[in-house]
Structures are given as C-alpha cells and as structure tokens.
Amino acid sequence: GQLPSWLQGILLRNGPGMHTIGDSKYNHWFDGLALLHSFTFKNGEVYYRSKYLRSDTYNCNIEANRIVVSEFGTMAYPDPCKNIFAKAFSYLSHTIPEFTDNCLINIMKAGNDFYATGETNFIRKINPQTLETLEKVDYNKYVAVNVATSHPHYDSAGNVLNMGTSIVDKGKTKYLLFKIPSSVPEQEKKKSCFKHLEVICSVPSRSLLHPSYYHSFGITENYIIFIEQPFRLDIVKMATAYIRGVSWASCLAFNKDDKTWFHFIDRKTKKEVSTKFYTDAMVYFHHINAYEEDGHIIFDIIAYKDNSLYDMFYLKNLNKDFEENTKLTSIPTCKRFVVPLQYDKDAVVDSNLVTLPSTATAVKEKDGSIYCQPEILCEGIELPRINYDYNGKKYNYVFATQVQWSPVPTKIAKFNIQTKEMLQWAEEDCWPSEPVFVPSPDAKEEDDGVVLTCVVKTDPKDPPFLLVLDGKTFTELGRATVNVEMHIDLHGMFIPQQDMKTETE
C-alpha cells in the first residue's frame with residue numbers, strides 16, 4: 001500500500017516478551033520480561049527493530065539463568081544453598097518488597113526523554129531510536145509512592161501528570177497525584193525534570209491496609225478523576241506473601257458488595273470536591289476520556305463486573321485449549337458516567353440530578369451522597385485510544401481492540417460515542433494490538449489521521465505485520481510485513497519526527 005507522506009516518526013511499543021529463563025517459568029503473562037519494539041516511518045518506508053529492556057531484573061535473571069526477581073504473579077526465591085541466616089534475613093527484607101524494574105506496560109515521555117513504565121516505583125529511560133536501555137529512575141526518591149500507574153496524562157504545556165499509592169507512610173495510606181515538569185529552569189539544565197516533581201494533592205485511602213488497585217485515571221480541563229474501586233491490595237497479606245510462598249497477585253481481592261467511589265480534584269485549588277459520589281462495585285483498568293459540560297463531568301471508562309480478566313492470563317490457561325478455558329465471565333462494557341458537580345442543593349432526596357440528555361443518572365441520597373448509574377455505550381471493546389488532542393474535551397471517537405469470547409482481541413474498532421456507529425477491521429487468524437491514532441499535521445477534524453496497529457498471526461509461519469488504517473474510513477492504507485517473530489504487546493506511543501532529539505544532541 002501507500003503511506004501518507006506526512007507519517008514520519010516512530011511507533012514505540014512495550015509488552016511482556018520472555019516467559020522462560022533456564023528451567024524456570026513465569027506463572028503469568030503480565031510477568032514476562034519487557035520487550036520493546038519499534039516501527040520507524042521514514043519517507044514512505046518502515047523499519048522494524050526489537051530489543052529486550054536491559055533492566056536490572058533482566059540482567060539478574062539472565063545471569064542466574066533462572067527467575068530470581070519476583071513479579072506480580074510469580075514469587076522468586078534466593079538460592080536455597082545459601083546459609084540459613086541469609087535466608088532468614090531475606091524473608092524479613094521482603095515486608096515492603098523491593099519491586100522489579102521490569103517496566104513492561106507502556107512508554108512515557110518526560111521532558112525530552114522517553115521511559116519504559118510498569119506499575120512499580122521504577123521506570124527505565126530508553127533511547128527511542130536504538131531501543132537501548134539507559135538509567136533507572138526511582139519515583140520514591142522524589143515522591144513517597146510504592147506503586148504508580150503506567151497511564152500518565154500530559155497537559156497542554158507537556159507536563160506529565162501521574163498517580164501513585166503511598167502505602168502506610170507515617171501511619172497513612174494515600175493516593176498521590178503528582179506533576180513532572182516538561183522542562184527545568186535554564187540554570188539547572190544538567191538536572192532531571194524529576195528533581196522538580198511536585199505533589200499536586202493527596203486523597204486518603206478509605207482503608208489504611210486495603211488501598212484500591214488502579215491502572216489509569218481521568219482528566220478534564222479543570223478536574224482530575226480518580227476512581228477508588230473495591231478491587232484492593234491487602235497490605236498485611238502482601239507483607240507476608242514471600243514467607244507464605246504465594247504471589248502478590250493473590251493479595252488482590254474484589255469485594256462485589258462494596259461501593260466504587262469517585263473522587264474529583266480541582267486542578268486549580270488542588271482540593272477534592274466535597275460531595276460524595278459513588279456507584280456499584282466494578283473493576284476497571286482503562287479510562288477512555290472525560291470532559292465538562294454545563295456543570296457536569298462526563299467520563300467514559302471500560303468496566304467489568306468482576307476481576308476475572310487478570311486470572312485468564314495465567315500461562316497455565318494460555319495453552320492449546322485456550323479458547324475453551326478463557327470464556328470471559330464478564331465482558332468489557334463501555335460505560336459513561338454523568339456527574340453533576342453543580343446541582344440544586346435543595347433538590348429532593350431520590351431525585352435525578354443529571355440535567356443533560358443521557359440515560360446516566362445521579363440520584364441524591366438521604367445522607368447527601370450521590371449514587372451514579374452509567375449509560376452503557378457499547379460492549380466488547382478494550383485498550384481504548386483517542387485522538388489525544390481531544391483529551392479532556394468533548395469528543396466523538398474511540399479507537400479500540402474488539403474482543404469476543406476471550407480477552408485476546410480479534411478486531412480493531414472505531415466507535416462513534418455520539419451516534420454509536422462501529423467500524424471494524426478484521427482478518428482471518430489475526431490478533432491485532434492496541435490501535436494508536438496519529439493525527440495528520442493539518443487535521444481539521446478529530447478523525448483526520450491514521451490508525452496504527454501491530455498484527456500477529458495464529459500460524460507462526462505467517463509473518464506478522466504493521467497495519468495502517470485511514471482514521472476516517474477505517475479502510476487499509478498499507479501494511480508492512482515483518483519477517484521475524486513478533487510478540488503481542490500492551491501499550492505504546494507514536495513519537496513524531498520533530499519530537500525526537502537527534503543522535504548528536
């Protein structure tokens with residue numbers, strides 16, 4: 001096919017790549033050692049490259065020729081030949097564990113640099129052109145967090161906004177929202193932007209020892225949206241997991257009888273909105289987008305009835321009977337919540353406070369809290385992406401993978417939030433990855449641009465390829481076939497040519 005001449009830059013992707021080291025195997029697909037890969041677009045041609053992230057975790061495991069660093073679903077143990085004192089000591093030191101730097105989930109831009117990210121306090125700087133692994137950054141040196149999301153947001157000035165959890169720090173467990181500036185003052189050019197990291201605000205966890213798990217958060221022009229779900233980490237269990245010989249994943253529990261709380265933080269005052277908003281128990285990983293309209297916050301997420309999704313990716317389930325074993329018990333549902341921030345304080349109890357045209361409701365309770373029910377936009381989509389120029393603004397389109405009976409996607413979809421129209425791309429025996437939308441430089445409309453996705457084939461003999469779709473019509477513009485094995489990845493980003501430092505810099 002033919003690629004648009006303006007498409008110049010690098011599509012950088014990240015995901016688990018190696019699941020066996022020597023005779024040892026990871027238990028879970030999300031534990032695999034990070035493998036970066038990239039597609040460089042240059043004058044109508046595409047160049048492919050892939051490389052394992054050379055994290056400390058990778059180096060230790062390869063050197064020992066077995067898994068020696070614990071991951072979320074796999075607990076690793078030191079050499080049993082070591083003496084009993086060393087063993088006892090290592091049990092004690094695992095209470096608040098030294099987490100892995102196997103950053104396998106996403107790519108983040110901070111300042112002029114790019115980082116591979118996971119969900120621990122470590123991120124790894126990388127060179128986007130060569131995929132070389134550079135220094136390790138520990139968030140904990142700059143902000144008291146033990147875990148952080150790998151889905152940060154970027155404001156109009158290019159600052160990074162992210163969230164992390166501070167576990168039992170000075171007797172409190174809280175969720176911290178922090179900002180990494182896009183540039184540092186001229187006189188401090190040698191220093192990293194992390195030295196200027198600032199905490200915007202903190203939200204206390206509803207429970208000291210059971211903080212909520214979260215994978216992403218939402219943002220509008222004036223607010224940050226954080227959803228505290230009843231899918232929680234048990235800190236006491238986590239502190240004893242090593243001794244008990246179980247994985248940290250077993251310390252996560254979903255309580256279906258509990259509530260899901262919405263927190264809205266005013267970006268200007270850095271204070272949380274005092275009204276208590278909540279909905280029924282649910283599990284969500286991905287926010288799609290959010291915006292404000294007539295005193296309401298509207299936000300769209302992909303939610304599940306339970307936490308069964310994580311369990312499906314245990315490698316014991318991903319075998320030849322995969323299609324039989326992994327029927328989704330809870331399908332991903334695209335939900336729209338409409339939350340009235342400004343409402344009539346004298347409204348009667350049990351009245352719906354939503355004044356916008358939507359089937360979503362927000363009902364006032366006796367105690368003044370507000371119970372929200374969503375509008376269901378569609379079902380069966382995951383790994384949602386938007387035209388990021390519309391982040392925090394009213395928008396029309398979601399680009400996503402489409403799943404049927406299993407959590408592994410078989411189609412790519414473009415969903416119109418307003419009209420509910422769905423366009424699809426699918427081909428026999430193809431497994432596409434998260435679609436990334438790249439706007440054309442002179443775009444007038446939201447869907448002016450291309451959608452990029454890496455596609456893996458069922459038969460290892462069939463070569464994988466990068467697919468380029470027209471953002472408007474969703475028809476194929478071209479594909480670049482790659483004659484090496486390609487892994488199914490998680491997330492990534494497109495870096496336009498002009499955002500790249502040249503090698504000499």
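The values are calculated or read from the model by the stated rules, or taken from the named source; none is laboratory data. If you're wondering where the values come from, they're calculated on a predicted model, not measured in any experiment. Here Cβ is always computed from backbone atoms with ideal geometry, including for glycine, and neighbour counts include all displayed protein chains. Heavy atoms of the whole protein, side chains included, go into the accessibility calculation; ligands, DNA and RNA do not. Shrake-Rupley method; radii C 1.70, N 1.55, O 1.52, S 1.80 Å.
Restricting to the range 386-415, and then to whatever is of a type in the set (S, T, N, Q) and in contact with a strand residue (DSSP E or B) (Cβ under 6 Å, 6 or more places away or on another chain), can you tell me which residue is nearest to Ile224 (Cα to Cα)? Step through it out loud before you land on a result.
Taking the range 386-415 as the starting set, the residues that turn out to be of a type in the set (S, T, N, Q) are 387, 391, 396, 401-402, 404, 406, 410.
Going one step further and asking which of them are in contact with a strand residue (DSSP E or B) (Cβ under 6 Å, 6 or more places away or on another chain), we end up with 387, 396, 401-402.
Numbers: Asn387: 19, Asn396: 21, Thr401: 26, Gln402: 28 Å.
Among residues in the range 386-415 that are of a type in the set (S, T, N, Q) and in contact with a strand residue (DSSP E or B) (Cβ under 6 Å, 6 or more places away or on another chain), the one nearest to Ile224 (Cα to Cα) is Asn387.
Considering only the range 63-73, I want to know if a residue exists there that is of a type in the set (Val, Ile, Thr) and either open to solvent by 60 Å² or more (accessible area, probe 1.4 Å) or under 21 Å from Leu466 (Cβ atoms) (or both).
Initially, the range 63-73 is screened for residues of a type in the set (Val, Ile, Thr), giving 67-69.
Still in the running and either open to solvent by 60 Å² or more (accessible area, probe 1.4 Å) or under 21 Å from Leu466 (Cβ atoms) (or both): none.
No; the residues of the range 63-73 include none that is of a type in the set (Val, Ile, Thr) and either open to solvent by 60 Å² or more (accessible area, probe 1.4 Å) or under 21 Å from Leu466 (Cβ atoms) (or both).
A single member of Asp300, Asp311, Asp294 is within 23 Å of the chain's Cα centre (by Cα) and more than 17 Å from His263 (Cα to Cα), and it is Asp311. Residues that are touching a Ser or Thr at 6+ places or on another chain (Cβ under 6 Å), open to solvent by less than 30 Å² (accessible area, probe 1.4 Å) and closer than 25 Å to Ile224 by Cα within the range 298-317 comprise Ala303, Tyr304, listed in sequence order. When we screen Ser369, Ser406 for residues that are touching a Leu at 6+ places or on another chain (Cβ under 7 Å) and surrounded by fewer than 21 Cβ atoms within 10 Å (Cβ to Cβ), the only hit is Ser406. Of all the residues in the range 136-163, those that are in a loop (DSSP other than H, G, I, E, B) and open to solvent by 60 Å² or more (accessible area, probe 1.4 Å) number 3. Among the residues of the range 156-183, which ones are in contact (Cβ under 8 Å) with a residue 12 or more places away in the chain and of a type in the set (D, E, K, R)? Across the range 156-183, the qualifying residues are Asp169, Lys172, Lys174, Lys179. Condition check: β-branched (Val, Ile, Thr), at pLDDT 95 or above and in contact with a helix residue (DSSP H, G or I) (Cβ under 9 Å, 6 or more places away or on another chain). Does Val168 satisfy that? Against the criterion (β-branched (Val, Ile, Thr), at pLDDT 95 or above and in contact with a helix residue (DSSP H, G or I) (Cβ under 9 Å, 6 or more places away or on another chain)), Val168 does not qualify.
Considering only residues of the range 171-212 that are of a type in the set (Asp, Glu) and modelled with pLDDT under 90, which is farthest from Tyr115 (Cα to Cα)? Before the answer, list the steps.
At the first step, the residues of the range 171-212 found to be of a type in the set (Asp, Glu) are 186, 188, 198.
Applying the additional criterion that residues be modelled with pLDDT under 90 yields 186, 188.
Details: Glu186: 23, Glu188: 21 Å.
Applying the filter and picking the extreme gives Glu186.
Before we move on, is Ser166 more than 27 Å from Leu35 (Cα to Cα) and open to solvent by 40 Å² or more (accessible area, probe 1.4 Å)? Considered against the rule, which asks whether it is more than 27 Å from Leu35 (Cα to Cα) and open to solvent by 40 Å² or more (accessible area, probe 1.4 Å), Ser166 comes out as no. For the range 474-483, residues that are open to solvent by 20 Å² or more (accessible area, probe 1.4 Å), in a loop (DSSP other than H, G, I, E, B) and closer than 18 Å to Phe41 by Cα total 1. Cβ-Cβ contacts under 9 Å between residues 6 or more apart (or on different chains), taken from a first residue in the range 362-383 that is among the aromatic types (Phe, Trp, Tyr) to a second residue that is buried (at least 20 other Cβ atoms within 10 Å of the Cβ), are listed as Tyr371/Phe277; Tyr371/Thr279; Tyr371/Ala362; Tyr371/Lys364. Among the residues of the range 20-49, write down those that are open to solvent by less than 60 Å² (accessible area, probe 1.4 Å) and either among the small types (Gly, Ala, Ser) or more than 30 Å from Gln497 (Cβ to Cβ) (or both). Ile21, Gly22, Ser24, Tyr26, His28, Trp29, Asp31, Gly32, Ala34, Ser38, Gly44, listed by residue number. Considering the range 454-473, the residues that are part of a loop (DSSP other than H, G, I, E, B) and open to solvent by 20 Å² or more (accessible area, probe 1.4 Å) include one that is modelled with the lowest pLDDT, namely Pro460. Is it true that some residue in the range 436-446 is aromatic (Phe, Trp, Tyr) and closer than 18 Å to Glu45 by Cα? No: zero hits. Apart from one condition, Ala64 fits all of (1) modelled with pLDDT under 95; (2) of a type in the set (A, V, I, L, M); (3) closer than 24 Å to Asp155 by Cα; the exception is (3). Among the listed residues Val354, Val283, Val363, Val348, which satisfies the condition of being buried (at least 21 other Cβ atoms within 10 Å of the Cβ), farther than 28 Å from Pro409 by Cβ and not charged (D, E, K, R)? None of the others qualify; the one that does is Val354. Going by the structure shown, is Lys420 at positive phi and open to solvent by 20 Å² or more (accessible area, probe 1.4 Å)? For Lys420, the condition - at positive phi and open to solvent by 20 Å² or more (accessible area, probe 1.4 Å) - is met.
Only one of the numbered conditions (1) at pLDDT below 90; (2) touching an Asp or Glu at 6+ places or on another chain (Cβ under 6 Å); (3) among the β-branched types (Val, Ile, Thr) is violated by Thr220, and that is (1). Scanning the range 191-233 for residues that are farther than 19 Å from Met282 by Cβ, open to solvent by 10 Å² or more (accessible area, probe 1.4 Å) and assigned to a loop (DSSP other than H, G, I, E, B) returns Lys191, Ser192, Leu197, Leu208, Leu209, Glu221, Asn222.
In summary, Thr173 fulfils each of the numbered conditions (1) assigned to a loop (DSSP other than H, G, I, E, B); (2) surrounded by fewer than 23 Cβ atoms within 10 Å (Cβ to Cβ) with the single exception of condition (1). Please verify whether Lys414 is farther than 21 Å from Leu309 by Cα, surrounded by 22 or more Cβ atoms within 10 Å (Cβ to Cβ) and touching a residue at least 60 places away in the same chain (Cβ under 8 Å), treating the condition exactly as stated. Yes, satisfied.
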